[in-house]
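Colleague: Below: one structure in structure tokens.
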Amino acid sequence: MTYRTTLTHFIQEQETHVTGATGEFTSLLNDVSAACKAVADLVGRGSLYGELGAAIGINVQDETQKQLDVMANDLALSWCERGGQLFAMASEEMVDVYPVPEGYKRGRYLLIFDPLDGSSNIEVNGPMGTIFSVLRASEKPSANLADDFLQPGTEQLCAGYVLFGPATLMVLTTGNGVNGFTLNPDIGEFVLTHPGIRIPEDTKEYAINASNARFWEPPVRRYIDECLAGKAGPRGKDFNMRWVAAMVADVHRVLSRGGIFMYPLDDKIRDKGGRLRLLYEANPMSFIVEQAGGMASTGRGRILDVQPTGLHQRIPVILGARNEVQRLVDYHKEFDAK
């Protein structure tokens, strides 16, 4: 077996180009990757660990919380709280932020994560994932620690996701492009397998929850109608629709072979502001997509420019191939100008 660049060595090499780097960031990502390996092991064993898809309550998102959601969240906290790099964490599964407990060293970073994206796929053994993002902690923490997490996406130091599929794959950006690392179970390490990921500007695939079609705004309906018209329509080509119901899987497909992912604003979710969470899903994925040459928008503005107003704020999400996202942005502008 020949050597392949490990995630640790890759981040260490990246840090050599950062003035004043101390190695803390490498240590933090090692803890995050260890947490993801633990979740991957849990997901991979499925029902051998019990009824992981059993509903155990309603979470802060007013959504059904499953046993595996809670177990993945607890794993992430326990693997990441001890390293000394973090000051606090915020999770989609928790109402409030989680300060690093007394007795552990506190560091200069904040970690945001969705411990188990796509948990609706548990019962069908479908793909799931973990999404994470790193911010710099304030030198003078706020009285309400949650306020320190309310930074626009442009302030992210790092974002990534791990896809639990036939292979466990981590996709990561630190603001210098996007790279993919596959977990080699023989050595227990993520190794670089997909360097310099780029999204093609054009596509023939789109991902959207078509069951919400009756609630869509006219710009989105116009776009989808044109795709459905295929070669006979104004686009002059056939499109394929794909929908996995796990953002990690749907966005990974966009990164792998082009496409556009949409969870736009519609009449069903208008009062909530959108379907996906800004901090836990939209910001990390938008950072990754932009770094891979794509575009991420609400339909009416760049996602990474949005100033968060709450830990669990929701937002519309349209991201992927630059030309397709721009087309939808233009359709929104035309509609709003009427």
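The values are calculated or read from the model by the stated rules, or taken from the named source; none is laboratory data. As the structure is a prediction and not an experimental result, all values here were calculated from the model. Heads up, the Cβs are rebuilt from the backbone with ideal geometry, glycines too, and the neighbour counts pull from every protein chain shown.
Colleague: Condition first: basic (Lys, Arg) and either assigned to a loop (DSSP other than H, G, I, E, B) or under 15 Å from the mean Cα position of the chain (by Cα) (or both). Now tell me which residues in the stretch 302-338 satisfy that.
Modeller: Passing the criteria: Arg314, Lys338.
Colleague: Could I ask something else about it? Restricted to the stretch 111-168, and to residues that are closer than 17 Å to Gln291 by Cβ and of a type in the set (S, T, N, Q), which residue is surrounded by the most Cβ atoms within 10 Å (Cβ to Cβ)?
Modeller: Ser133
Colleague: Just checking, does the stretch 252-263 include any residue being more than 16 Å from the chain's Cα centre (by Cα), assigned by TED's automatic domain parsing to the domain that holds Arg314 and under 24 Å from Arg214 (Cβ atoms)?
Modeller: Yes, the stretch 252-263 contains at least one residue that is more than 16 Å from the chain's Cα centre (by Cα), assigned by TED's automatic domain parsing to the domain that holds Arg314 and under 24 Å from Arg214 (Cβ atoms).
Every residue, every condition in (1) closer than 21 Å to Glu290 by Cα; (2) out of contact with any strand residue (DSSP E or B) (no Cβ under 8 Å at 6 or more places or on another chain), yes or no:
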residue	(1), (2)
Gly177	yes, yes
Gly180	yes, no
Thr193	yes, no
Pro200	yes, yes
Thr203	yes, no
Glu217	no, no
Ile224	no, no
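Colleague: Still on this structure: Criterion first (in a helix (DSSP H, G or I) and either small (Gly, Ala, Ser) or farther than 27 Å from Gly175 by Cβ (or both)) does Ala245 satisfy it?
Modeller: no
Colleague: Only one of Asp238, Asp202 is under 24 Å from Lys333 (Cα atoms) and surrounded by fewer than 17 Cβ atoms within 10 Å (Cβ to Cβ). Can you tell me which?
Modeller: None of the others qualify; the one that does is Asp202.
For every residue, the table says whether it meets (1) touching a Phe, Trp or Tyr at 6+ places or on another chain (Cβ under 7 Å); (2) in a loop (DSSP other than H, G, I, E, B).
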{"residue": "Pro115", "(1), (2)": "no, no"}
{"residue": "Ser138", "(1), (2)": "no, yes"}
{"residue": "Ala146", "(1), (2)": "no, no"}
{"residue": "Thr154", "(1), (2)": "no, no"}
{"residue": "Gly160", "(1), (2)": "yes, no"}
{"residue": "Phe181", "(1), (2)": "yes, no"}
{"residue": "Gly196", "(1), (2)": "no, yes"}
{"residue": "Pro200", "(1), (2)": "no, yes"}
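Colleague: Could I ask something else about it? Would you check if Ala249 is among the hydrophobic types (A, V, I, L, M, F, W, C) and under 19 Å from Glu334 (Cα atoms)?
Modeller: The answer is no for Ala249.
Colleague: Assess whether Phe113 counts as being in the same structural domain as Leu29 (by TED's automatic domain parsing), at pLDDT 90 or above and closer than 21 Å to Val171 by Cα.
Modeller: The answer is yes for Phe113.
Colleague: Could you tell me which of the residues Gly293, Gly301, Gly259 is among the small types (Gly, Ala, Ser) and crowded, with 20+ Cβ neighbours inside 10 Å?
Modeller: The match here is Gly259.
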